[in-house]
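The values are calculated or read from the model by the stated rules, or taken from the named source; none is laboratory data. Keep in mind the model is a prediction, meaning the values are calculated, not measured. Because the Cβ atoms are built from the backbone with ideal geometry, glycine has one as well, and the counts that use them run over all protein chains shown. To get the accessible areas, we keep the full protein, side chains included, count just its heavy atoms, and leave off ligands, DNA and RNA. Shrake-Rupley method; radii C 1.70, N 1.55, O 1.52, S 1.80 Å.
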Amino acid sequence: MPARLLLAVLSGVALSVAFEPVAAPVVIPFAVAGFVLSVRGLQARSAWLPGLLFGIGFQYVLLFWMRAVGPDAWLALATVEAAFIALLASLTAILCRNRWWPLWVAAAWVAIEVWRSGWPFSGMPWGRLAFAVVDTPVAKALPWVGSVGVSFLLALSGTLLAWIFVARGRERRVAAGALLALVLTTALPVAFPWQAETTGEATVAAVQGDVPGDGDDILYDFRQVTQNQVDVTVGLARDVAAGTVPRPDFVLWPENSTAIDPFRDAQTNGGIRTASAAIGVPILVGAIVDAGPEHVLNQGIVWDPVTGAGDRYTKRHPVPFGEYIPARELFTRQFGRLAEIPRDMLSGTRRTPLQVAGIEVADAICFDVAYDDGIYAQVSRGAQLLVVQTSNATFIHTDQIDQQFAITRLRAIETGRWLAVASTNGVSGVIAPDGHVVASAAPRTQQVLVEQVGLVDGVTPAVRLGAWPGRFLIALAALGLLFTLASRWLPYRRERDRRQAADGRAGSDLPVAATTASGGKPAGE
């Protein structure tokens, strides 16, 4: 067991290296194989321990940036995520008893990924295997099978590698052949990449206005945050008038461009109107909007220079314990710091794209980009372009901003769409459908990115499949678990029935020997 525990924790740390800031995805198959080998051969009741250590090594390092909120937040979130991997380890210990265990274990890995990406509360998708492959040939598979499908391919590569390690003789050759077949299958999208036809073009201006002070507190001087956005946009208008940059079709402001309701605060409203009138095109404003005395909304608002505020997108996945408090009375009693969040942010439900300057635009606000549902819904309903409005100010001095930007690039590849992202102080950029970063702004700078982007109507197979790959792999993992348990139970049942039958035959001989020929009564009666 000590060797297993050491292998588990080292493999977990190795998996974290696949993600930013190191970004070495080549370790993924080896890390997954190490996880499998650390629990294979154990009973389910003891396999959870190396699984937990693997999860601690992985999630504690991956989510180290959460210390910007507080050490308690980091430890709590990383421990919850590690607990999911502990459960996966127990499932893996059971599934490894079946002949087809590399398939079942890979399916179980993705089933746990899907589960923890949506639960508890809104889940935490960070650390999905697919999120590490944006700069690899494997990314070519994203438009075909989506992030869930790519995670499965990566997990399967690791389980097959583990099979090669434990197999002997002919079985090892079979395992190696299966891994080679998987590599060739994964390479097919490289030979036959998804090609999306561009049906139009647009010019987008993404504004990064920066955050005053140290840059990690959006509320430190929230009025200056808004004024920065206004000033950069007005400066853009001057450049457009001078002919030094092209006039954009619309301007993209980040999340929390206004930390106060622009419909209730005259100064904020006036600033937006000034910027809108100067540039003369719609601005997609990131704003906090009141929703009664106890709730707020985090919205992207299409602000037209003539008609004012119009179409809106509301953030679908507010951050639990950061933007709303589940079971508020219970948790604020236990953790007094949570009372610093006076109102709960409500979740949006919009599934259709925004209409911005005649363009169908799919919006995602901050962590929304890590979830499949909102982006898939808007693209499948006609979105021609993706935008992300984000405020990473809290994490500006951490690796979180690079991890999120990698996920953002993945979404461009997966949907076959151009993508523009505006952040308050980093990372802002414009991304092509192949994940290439066309333009980006350095963190902690004031900059506007004006780029011509393509508009795409075609829908990738990944978006068409939607949530079905995840559902299929959950069902596949459940089927593998059922087969494994049945294969263990049926031989036991047959053996028990055989013994009972044998005992019955042995017992039936006794009364025959002890009976008389007259009436079958026992001798002596």
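A compact table of results
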item	result
Estimated vicinal HN-Hα couplings, Hz - the range 400-417 in sequence order (Karplus 6.51, -1.76, 1.60; Gly, Pro = x)	4, 5, 6, 5, 5, 5, 5, 5, 4, 4, 4, 5, 4, 5, 4, 9, x, 10
Charge dipole (debye, nearest 20) of the chain; +1 at Cβ of Lys and Arg, -1 at Cβ of Asp and Glu	2780 debye
Listed residue (T268, W48, Y313) projecting farthest to the positive dipole end of the chain, Cβ model	W48
Solvent-accessible heavy-atom area per residue, rounded to whole Å², over the range 93-178 at 1.4 Å	37 Å²
Environment charge at T390 (Cβ cut-off 10 Å; Lys +1, Arg +1, Asp -1, Glu -1)	-2
Loop GluC sites (Glu not before Pro), the range 268-366 (other Cβ atoms within 10 Å of the site Cβ: 11 or fewer; DSSP)	E294
Inter-site label distance for Q355 and D217 at 7 Å from Cα along Cβ, in nm	4.3 nm
Integer Hz, Karplus 6.51/-1.76/1.60 couplings in order for the range 226-239, x for Gly and Pro	5, 5, 4, 4, 4, 4, 5, 5, 5, x, 4, 4, 5, 5
Residues of the range 321-377: accessible area per residue with a 1.4 Å probe, Å²	47 Å²
Inter-site label distance for V26 and D290 at 7 Å from Cα along Cβ, in nm	5.8 nm
Under Karplus coefficients 6.51, -1.76 and 1.60, residue-wise ³J(HN,Hα) of the range 285-302 in Hz, glycine/proline x	8, x, 9, 8, 10, 5, 9, x, x, 10, 9, 9, 10, 9, 10, x, 10, 6
Whole-number percent relative contact order across the chain, with pairs defined as alpha carbons under 8 Å at least 6 apart	16 percent
Placed amide H near N392: partners under 5 Å, 5+ positions off or other chain	T424, N425, G426
Sulfur and carbon atoms: percent of accessible area, the range 219-357 [1.4 Å]	52 percent
Built amide H within the under 5 Å cut-off of A309, gap 5+	D304
Å² of accessible area per residue within the range 220-260, as computed with a 1.4 Å probe and no ligands counted	41 Å²
Cleavage-rule hits (trypsin sites (Lys or Arg not before Pro)) in the range 223-318: DSSP loop, at most 14 neighbouring Cβ within 10 angstrom	R264
Gain upon complete extension [V183, Q446; 0.36 nm per residue less C-alpha separation]	90.3 nm
Amide H contacts of G458 (H built 1.01 Å from N, under 5 Å, at least 5 apart or other chain)	E197
Mean projected area in nm² (Cα convex hull; one quarter of hull surface) for the chain	35.0 nm²
FRET efficiency for I341 and A266, using Cβ-Cβ distance with R0 set to 22 Å, rounded to 0.05	0.25
Label-point separation in nm, V438 to E171, each point 7 Å along Cα→Cβ	5.4 nm
Ranked packing of 194-203, 37-46, 55-64, 387-396, most packed first, by mean Cβ within 10 Å	387-396, 55-64, 37-46, 194-203
